[in-house]
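Engineer: Got a structure for you, questions after.
The values are calculated or read from the model by the stated rules, or taken from the named source; none is laboratory data. Remember, it's a predicted structure, so these values are computed and weren't measured experimentally. Positions of Cβ are generated from backbone atoms using ideal geometry, with glycine treated the same way; all protein chains shown enter the neighbour counts.
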Amino acid sequence: MLVVGGGINGAAIARAAALGGHRVLLVEQGDLGHATSSASTKLIHGGLRYLEQFEFKLVRESLKERAVMLRIAPHLVSPLEFLIPYDATLRPWPMLRAGLLLYDLLAVGGALPRSRAVRADAGGGRSVRALSYWDARVDDARLVVLNALDAAEHGGAVRTRTRLTRARRDSAGWVAQLADCSGGASEVVAAAIVNAAGPWVSETLNDVFGAAGRSSLRLVRGSHIVLPRLYPDERARLLQQKDGRIVFLIPYQDDFTLVGTTDIPAVEPGDSEPTPAEIAYLLGAANAYLGSHYGEISIVWRFGGVRALYDDGSANPSKVTRDYHLELSGDPPLLSVFGGKVTTARHLADEVLDRLGLAPGDTAAHPLPGGECGPAVAFAAACETRWPFLPAGTVRRMAHAYGSRTSTLLGDAVTIGDLGHDFGHGLFEREVTYLHRVEWARNAEDILWRRTKLGLRFTAEEAARLDGHLRELEA
């Protein structure tokens, strides 16, 4: 099987195939998860707002997947409490309470606390009536990488910076032409091709296969901003907006708050840059709730991702279904993936293999790499004890990123000097070498924004020095 696209769907499909004992090659034109899959709201969730759109099947499936991901990736996926501050001018209290009771019912067996009424600090010394419920947060880009790593460790092949340029059917199956970023070309033969190119799924259909697919696709951009920590507690906020949308405030990377998201029609797959209007919308939502006056100067990071949604005809981008759609055609088969989200990627992958007549591996029981660590908080504390010479923040970051593989990374190090050069903020040479050798990292952006999120702390000069070191490793 040839899987085109190294986002969360493609990586999960490659993992399911490899765990099932099938030969699989995953190709990605950039870095793993470099586009939409690293630009999400960083949640594994049922999608509470989808209940208003009567997407009960999607919510139930997502809540079941939430329980699976908490089990197989406890280092990456962790429970998170959300507060919904009540606003008497918006959804009535009985409606919110009924929605959360239904959410609890659909999540039966998910092992997270049930919803309840609470009081919430709204800033400026104000306390407001609120509802509490639980979902989970995730490091989205690392989830992509670990799916690909699991595929590779079970016999799959992964090629980043590699494009599918042409494909034709013949008696042997698909004959596919591949080109890498250095100009090298190669040819592979595959019994099936899965087009999981995300926002580029239609372009791939049109340009490589000569098949129309744009009419099935709806491109919608979701933008986010990251601000300095807005409040001290570890609970996220779901803020209702006057236009019927919601905005999340999510504690992020210890010292920051993630604010998102928007739903804006996008024209092209690469149309991911947040607009001034989106930035103003997100700042306005945070300031209105907290009674604060944050402006653009306070933004630490801004990013957007173009979601490749299946076009169900909805006029409002916020109401376009987040469920996925699979299109299968021809012999040998070509299967194209439209839509989907981080939460349901594992389930989507199993369904892709089923549609192709192949048995997936037991993806719900097999831990992702590092997932044998057990509860994340206890594991991180054990790591602090085992490697006391490391700053507490650094060892916690590593524990959550690598789980039980932290010992593989740190190995027999007994002093901080054993880890080699410190590029800054607890990123040592040994970790950089590991990410380059094992996790396909090729430049500073791969490491700082997708493998570690240390880009929030690095200066431009520090990033340039890291880039120079990686160029030496590539030479």
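Engineer: Out of Leu90, Leu164, I need the residue that is closer than 30 Å to Val188 by Cα and touching a strand residue (DSSP E or B) at 6+ places or on another chain (Cβ under 6 Å). Which one?
Structural biologist: Details: Leu90 fails: closer than 30 Å to Val188 by Cα.
Only one candidate passes the filter, namely Leu164.
Engineer: Exactly one condition in (1) surrounded by 17 or more Cβ atoms within 10 Å (Cβ to Cβ); (2) at pLDDT below 95; (3) out of contact with any strand residue (DSSP E or B) (no Cβ under 6 Å at 6 or more places or on another chain); (4) not basic (Lys, Arg) is false for Gln253; which is it?
Structural biologist: Of the numbered conditions (1) surrounded by 17 or more Cβ atoms within 10 Å (Cβ to Cβ); (2) at pLDDT below 95; (3) out of contact with any strand residue (DSSP E or B) (no Cβ under 6 Å at 6 or more places or on another chain); (4) not basic (Lys, Arg), the odd one out for Gln253 is (2).
Engineer: Shifting gears a bit: Look at Arg166 and say whether it is out of contact with any Lys or Arg (no Cβ under 8 Å at 6 or more places or on another chain) and assigned by TED's automatic domain parsing to the domain that holds Leu328.
Structural biologist: Numbers: out of contact with any Lys or Arg (no Cβ under 8 Å at 6 or more places or on another chain): yes; assigned by TED's automatic domain parsing to the domain that holds Leu328: yes.
It is true that Arg166 is out of contact with any Lys or Arg (no Cβ under 8 Å at 6 or more places or on another chain) and assigned by TED's automatic domain parsing to the domain that holds Leu328.
Engineer: Still on this structure: Restricting to the range 46-75, and then to whatever is out of contact with any Gly (no Cβ under 8 Å at 6 or more places or on another chain) and among the acidic types (Asp, Glu), can you tell me which residue is surrounded by the fewest Cβ atoms within 10 Å (Cβ to Cβ)?
Structural biologist: Restricting to residues being out of contact with any Gly (no Cβ under 8 Å at 6 or more places or on another chain) and among the acidic types (Asp, Glu), the top hit is Glu61.
Engineer: On to the next question. Filter the range 199-245 for residues that are under 21 Å from Glu28 (Cα atoms), in a loop (DSSP other than H, G, I, E, B) and in contact with a Leu (Cβ under 9 Å, 6 or more places away or on another chain) and give the result.
Structural biologist: The answer is Ala211, Gly213.
Engineer: Need at least 2 residues that are basic (Lys, Arg) and without any contact (Cβ under 8 Å) to a residue 12 or more places away in the chain per element, so show me which helices (runs of 4 or more DSSP H) inside the range 3-113 make the cut, counting only ones lying wholly within it.
Structural biologist: On the way: elements: 8-19, 56-72, 93-106.
Filter on the range 3-113 gives an empty set.
Engineer: One residue is enough: does the range 121-130 have a residue meeting the conditions acidic (Asp, Glu), surrounded by 16 or more Cβ atoms within 10 Å (Cβ to Cβ) and in contact with a strand residue (DSSP E or B) (Cβ under 9 Å, 6 or more places away or on another chain)? Don't jump to the end; show me each part of the working.
Structural biologist: Initial filter on the range 121-130 (acidic (Asp, Glu)): 121.
Narrowing further to those that are surrounded by 16 or more Cβ atoms within 10 Å (Cβ to Cβ): 121.
Those left that are additionally in contact with a strand residue (DSSP E or B) (Cβ under 9 Å, 6 or more places away or on another chain): 121.
Yes, the range 121-130 has at least one match.
Engineer: Further question on the same structure: Could you tell me which residue of the range 316-353 is modelled with the lowest pLDDT, considering only residues that are within 25 Å of Asp243 (Cβ to Cβ) and in contact with a His (Cβ under 8 Å, 6 or more places away or on another chain)?
Structural biologist: Going through the range 316-353, the residues within 25 Å of Asp243 (Cβ to Cβ) turn out to be 316-323, 339, 341-343.
Right, trim to in contact with a His (Cβ under 8 Å, 6 or more places away or on another chain) and you get 339, 343.
Working: Gly339: 91, Thr343: 96.
Among those residues, the one meeting the criterion is Gly339.
Engineer: I'm told Ser78 meets every condition in (1) buried (at least 19 other Cβ atoms within 10 Å of the Cβ); (2) within 18 Å of the chain's Cα centre (by Cα) except one. Can you identify the failing condition by its number?
Structural biologist: Failed condition: (1).
Engineer: For the range 381-402, enumerate the residues that are farther than 22 Å from Leu456 by Cβ, in a loop (DSSP other than H, G, I, E, B) and not aromatic (Phe, Trp, Tyr).
Structural biologist: Correct list: Pro388 only.
Engineer: Shifting gears a bit: I need the full set of residues from the range 403-462 which are acidic (Asp, Glu) and assigned to a loop (DSSP other than H, G, I, E, B), in order please. So that I can check it myself, show each step before the final result.
Structural biologist: Start the filter on the range 403-462 by keeping residues that are acidic (Asp, Glu), which leaves 412, 418, 422, 429, 431, 439, 445-446, 461-462.
Residues satisfying the conditions are Asp412, Glu439.
Engineer: When you go through Val189, Val208, Val194, Val226 one by one, which is the residue that is surrounded by fewer than 20 Cβ atoms within 10 Å (Cβ to Cβ) and touching a strand residue (DSSP E or B) at 6+ places or on another chain (Cβ under 7 Å)? Talk me through it step by step, then tell me what you get.
Structural biologist: Details: Val208 fails: surrounded by fewer than 20 Cβ atoms within 10 Å (Cβ to Cβ); Val194 fails: surrounded by fewer than 20 Cβ atoms within 10 Å (Cβ to Cβ); Val226 fails: surrounded by fewer than 20 Cβ atoms within 10 Å (Cβ to Cβ).
Being surrounded by fewer than 20 Cβ atoms within 10 Å (Cβ to Cβ) and touching a strand residue (DSSP E or B) at 6+ places or on another chain (Cβ under 7 Å) holds for just one of Val189, Val208, Val194, Val226, which is Val189.
Engineer: Which one is nearest to Val27 (Cα to Cα) among residues in the range 414-450 that are aliphatic (A, V, I, L, M) and surrounded by 18 or more Cβ atoms within 10 Å (Cβ to Cβ)?
Structural biologist: Restricting attention to the range 414-450, the residues satisfying the condition of being aliphatic (A, V, I, L, M) are 414, 416, 419, 427, 432, 435, 438, 441, 444, 447-448.
Those left that are additionally surrounded by 18 or more Cβ atoms within 10 Å (Cβ to Cβ): 419, 427, 432, 435, 441, 444, 447-448.
On the way: Leu419: 32, Leu427: 28, Val432: 23, Leu435: 19, Ala441: 15, Ala444: 21, Ile447: 19, Leu448: 22 Å.
So, considering only residues that are aliphatic (A, V, I, L, M) and surrounded by 18 or more Cβ atoms within 10 Å (Cβ to Cβ), the one nearest to Val27 (Cα to Cα) is Ala441.
Engineer: Whether any residue in the range 172-190 is within 23 Å of the chain's Cα centre (by Cα) and under 12 Å from Val4 (Cα atoms) is what I want to check. Let's see the steps before the verdict.
Structural biologist: Taking the range 172-190 and keeping what is within 23 Å of the chain's Cα centre (by Cα), we get none.
Within the range 172-190, not a single residue is within 23 Å of the chain's Cα centre (by Cα) and under 12 Å from Val4 (Cα atoms).
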